């Protein structure tokens, strides 16, 4: 999936890079572009969350009222959602749309040689395979003594077998900084290939920070470059924590009831930024820099949404959605649910409380049961014909 969406977003990143000629700036502009694409669904998700906050008191009342009747509770909840024009699946739709885009973005960031430099996939694959051979231990299939001697030197560069497996193109960019080592391992065949990789690597900076290097809290010396690299994962995690605090503050202010019982969720919200700091320390700085840009722009968008969509604006939107819900015809799914509800009522004997007609009053108990069974079968037949399902009479 990530490669599919990466192939769609890749040309966008290439156009941006060709325009500005700097990979770090390209990431900033590319992040803005993707956030603009996702803004429509981000906005929908925010409004849906705000509407749910407004509904929380009514939902809590229903939960108390029907605490001992879950079936009736679900029915009343669905009725409330319909009256208020609230779609409980809207948040899921937003996530389903955002995740493929996110995977596509990460694919573009992880594979710049494919998407931006447009190098041959065959050459990238061959170079990766040769470099992987360096880490094959003696006695294992594919061991090459001539290549294995360079394993220690590669590890000094932070290039390992696991890194090469997970992000080969970023490792090749890192290696291209050492022309002598590239020539020793690959020979003349890949000279032109690594020249192009290195040319891209020289633009792989932002404000003087080499984004091909991996941040660490244990550098050989704490110079300006090491400090700048270490600040990328720290700032990325810090922005996410601040955004979490801000979001929770606004949600608590708008709806205190909605924040109750969120202990486990709060733990996850604060743990994820710390986990992202850890991940950013294991990837070249370009990946962490993207996460930083993404978190920062997400925070700015979140602030804008909370400032613009005040409780009054949300109330206006809710009222408009109520009017739309009244005039809206039931969807096929809703109609099917209603048919099934009636069918279940008949099967469970709920409909036996209905007023009987004169003819039905004259029926014996067995005749009435047969008549009710016929009504149920007729209802099932209508549903089958309406939705194109198979039907077998009981």
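The values are calculated or read from the model by the stated rules, or taken from the named source; none is laboratory data. Computed from a predicted structure; not experimentally measured. Ideal geometry is used to build each Cβ from the backbone, glycine not excepted, and the neighbour counts take in all protein chains shown.
Here are some notes:
- Note on the stretch 101-151: enclosed helices (runs of 4 or more DSSP H) holding 3 or more residues that are closer than 25 Å to residue 202 by Cβ are 112-115, 121-133.
- Count - residues of the stretch 277-295 that are assigned to a helix (DSSP H, G or I) and either crowded, with 18+ Cβ neighbours inside 10 Å or touching a strand residue (DSSP E or B) at 6+ places or on another chain (Cβ under 9 Å) (or both): 13
- Hits in the stretch 164-178 - residues which are free of Cβ contacts under 8 Å to residues at least 60 places away in the same chain and assigned to a helix (DSSP H, G or I): 164, 165, 166, 168, 169, 171, 172, 175
- For the stretch 61-72, the set of residues classified as farther than 26 Å from residue 319 by Cβ and crowded, with 16+ Cβ neighbours inside 10 Å consists of 66 only.
- Qualifying position, being farther than 13 Å from residue 185 by Cβ, modelled with pLDDT of 90 or more and in the same structural domain as residue 196 (by TED's automatic domain parsing), among 141, 125: 125
- Selection status of residue 88, out of contact with any strand residue (DSSP E or B) (no Cβ under 6 Å at 6 or more places or on another chain) and at pLDDT below 80: yes
- The residue that is farthest from residue 232 (Cα to Cα), counting only those in the stretch 13-26 that are touching a residue at least 60 places away in the same chain (Cβ under 8 Å) and part of a helix (DSSP H, G or I), is 14.
- When the test is whether a residue is surrounded by 14 or more Cβ atoms within 10 Å (Cβ to Cβ), part of a helix (DSSP H, G or I) and on the phi < 0 side of the Ramachandran plot, residue 159 does not pass it.
- Test: residue in the stretch 27-41 that is touching a helix residue (DSSP H, G or I) at 6+ places or on another chain (Cβ under 8 Å), in a helix (DSSP H, G or I) and farther than 20 Å from residue 301 by Cα: no
Residues are listed down the side, and each one gets a yes or a no for (1) within 25 Å of residue 106 (Cα to Cα); (2) out of contact with any helix residue (DSSP H, G or I) (no Cβ under 7 Å at 6 or more places or on another chain); (3) at pLDDT 85 or above:
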{"residue": "131", "(1), (2), (3)": "yes, no, yes"}
{"residue": "156", "(1), (2), (3)": "no, yes, no"}
{"residue": "168", "(1), (2), (3)": "yes, no, yes"}
{"residue": "177", "(1), (2), (3)": "yes, no, no"}
{"residue": "186", "(1), (2), (3)": "no, no, yes"}
{"residue": "189", "(1), (2), (3)": "no, yes, no"}
{"residue": "197", "(1), (2), (3)": "yes, no, yes"}
{"residue": "202", "(1), (2), (3)": "yes, yes, no"}
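- Residue within the stretch 84-92 that is part of a helix (DSSP H, G or I) and within 23 Å of residue 282 (Cα to Cα) present: no
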